[in-house]
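Since the structure comes first, as structure tokens, the remarks are kept for the end.
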Amino acid sequence: MKPLKPKAPPALIESERIFLRKHDIKQAKTMFDCVNRDRKRLEKFLPWVGRTKTVGDEADFIKTTHQWWKELKHFDFSIVRKSDNAYMGNIGIHSIKWERYSCEIGYWITSDFEGQGYMSEAVRALESEMFKLGFNRVQICCSTVNARSANVPRACGYKFEGTIRQDGVDLGKFRDTLVFGKLKKEWKALKSQRKLRIGARSA
Ligand SMILES: CC(C)(COP(=O)(O)OP(=O)(O)OC[C@H]1O[C@@H](n2cnc3c(N)ncnc32)[C@H](O)[C@@H]1OP(=O)(O)O)[C@@H](O)C(=O)NCCC(=O)NCCS
């Protein structure tokens, strides 16, 4: 099998209610304000929150994501609501292994938009682009105590594959990690099931 040819996904991805947009440096203050407002909630599971102390830190992060994008090593997007252009959070592709046809999705959303299915919608939109690029496996990982995060891959039809013990550190303590995965053939099967369901509803 030939190795997968590295290629970036589109910088703008559209789905029913949202856009995924490559970060814009002009968004730095808006992004920082969201992180700052939700700091207590986010830092439980995201190690970079403690390092994001100023708008300048956020701007540096955005510049770094643009460099990663150029190097085809990490693709990070803002999640924006279509109806009013509201910034809601981030989703990205990291841990890309082109030679193994696999990558991982990471995400967070502000509390204002939580629990309304936006993150599941963002995951479905982004995984589709990755499978279209030729990836065979998309993975989502989260802490064993992050029930909300685990519900996202479950809602999107990922298979639970196991628990990695003491795989990371959250707020200074080792944490166990849940691993969920979806294969390209499962994505195709789920896509045709969804089309059939939507077709049946509108018939
Ligand atoms: C983890 C996180 C991104 C989940 O976001 P979310 O907004 O709950 O995501 P979704 O709404 O798409 O999640 C699916 C939930 O919405 C429900 N849902 C799906 N489509 C829906 C819709 N159209 N309308 C309403 N609800 C919907 C799902 O059934 C599920 O509900 P449940 O959690 O009550 O079972 C968010 O909690 C977060 O940012 N947490 C802090 C940071 C973090 O932990 N990041 C992940 C690190 S691994």
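What number comes out for the charge environment of Cys142, summing +1 per Lys or Arg and -1 per Asp or Glu over other residues with Cβ under 12 Å away? Working shown, then result.
Details: positive: Lys44, Arg148, Arg154, Arg175; negative: Glu104, Asp167, Asp170, Asp176.
Net charge around Cys142: 0.
Considering the options Trp48, Thr163, Phe77, tell which one lies farthest towards the positive end of the dipole of the chain, charges being +1 on Lys and Arg and -1 on Asp and Glu at the Cβ, about the Cα centre.
Positive-most Cα among the choices belongs to Thr163.
Before rounding to the nearest 500, sum -39500 (n - 2.57) across all DSSP H runs of length at least 4 in the chain and divide by the residue total; then give [θ] at 222 nm in deg cm²/dmol. Intermediate values should be presented prior to the final figure.
Working: 6 runs with 74 residues, N = 203.
Value at 222 nm, helices only: -11500 deg cm²/dmol.
Order these by the 10 Å Cβ neighbour count, fewest first: Trp68, Trp108. Please list the in-between numbers first.
Numbers: Trp68 17, Trp108 22.
Least crowded to most crowded, the residues run Trp68, Trp108.
Expressed as a whole number of Å, what is the distance separating the alpha-carbon centroids of the stretch 1-53 and the stretch 108-165?
Answer, in whole Å: 14.
Which net charge results when you count Lys and Arg as +1 and Asp and Glu as -1 among the other residues whose beta-carbon is under 12 Å from that of Leu133?
Values: positive: Lys5, Lys7, Lys132, Lys184; negative: Glu127, Glu129.
Summing Lys and Arg as +1 and Asp and Glu as -1 gives +2.
Give me Asp170, Asp84 ranked fewest to most by other Cβ atoms within 10 Å of their Cβ, as a rough exposure proxy. List each step's numbers first, then the result.
On the way: Asp170 15, Asp84 6.
Fewest-to-most Cβ neighbours within 10 Å comes out as Asp84, Asp170.
Reachable aspartates and glutamates from Lys159, Cα under 12 Å, same-chain residues fewer than 8 places away excluded?
Correct list for Lys159: Glu186.
List the relative contact order of the stretch 12-202 as a percent without decimals, with contacts defined as Cα pairs under 8 Å and 6+ residues apart. Write out the running numbers ahead of the final one.
Values: 294 pairs, mean separation 33.1, N = 191.
Once normalised by length, the contact order is 17 percent.
Tally Lys/Arg at +1 and Asp/Glu at -1 over every other residue whose Cβ is under 15 Å from the Cβ of Glu121; what's the total?
Values: positive: Arg17, Arg21, Arg81, Lys82, Arg124, Arg154, Lys191, Arg194; negative: Glu14, Glu16, Glu114, Glu127, Glu129.
Summing Lys and Arg as +1 and Asp and Glu as -1 gives +3.
Every number in this text was worked out from the coordinates using simple rules, so none of it is lab data. Everything quoted here is computed from the prediction, not taken from an experiment. FYI the Cβ positions are ideal-geometry reconstructions off the backbone, even for glycines, and counts take in every protein chain you see.
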